[in-house]
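Here the structure comes first, spelled out in structure tokens, and everything after it is commentary.
The values are calculated or read from the model by the stated rules, or taken from the named source; none is laboratory data. If you're wondering where the values come from, they're calculated on a predicted model, not measured in any experiment. Virtual Cβ from ideal backbone geometry, glycine too; neighbours counted across all protein chains shown. Heads up: the accessible areas ignore ligands, DNA and RNA and are worked out on the full protein's heavy atoms, side chains in. Shrake-Rupley method; radii C 1.70, N 1.55, O 1.52, S 1.80 Å.
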Amino acid sequence: MATYKRLQVVKKVSNFAEATELLEYPLVEPKANEIRVKVIYTGVNLTDINICAGRFFVSGDLPYDLGFEVRI
């Protein structure tokens, strides 16, 4: 089965390496009204680091994805 990887916040702490994990998920086929987009790379920036530390979006349930700047 094909898979893909996502960088996710798993713990809200200021140490980025401790706060994140690269997790692998099965690649599912898109539904009739959806498309699949291949992301080549995504940036990790200060906003992502602040989100990991719980400074932004503090009410979100863990885990959640990072990488707000995506290049396709």
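Select, from 7, 66, 22, 46, the only residue that is at negative phi, touching a Leu at 6+ places or on another chain (Cβ under 6 Å) and without any contact (Cβ under 8 Å) to a residue 24 or more places away in the chain. Answer to the check: 22.
The set of residues in the range 17-55 that are among the hydrophobic types (A, V, I, L, M, F, W, C) and closer than 19 Å to residue 70 by Cα comprises 22, 23, 27, 35, 37, 39, 40, 44, 46, 49, 51, 52.
The set of residues in the range 15-33 that are in a loop (DSSP other than H, G, I, E, B), open to solvent by less than 90 Å² (accessible area, probe 1.4 Å) and either touching a His at 6+ places or on another chain (Cβ under 7 Å) or not aliphatic (A, V, I, L, M) (or both) comprises 15, 30. Summed over the range 34-67, residues that are open to solvent by 90 Å² or more (accessible area, probe 1.4 Å), under 18 Å from residue 21 (Cα atoms) and assigned to a loop (DSSP other than H, G, I, E, B) total 1.
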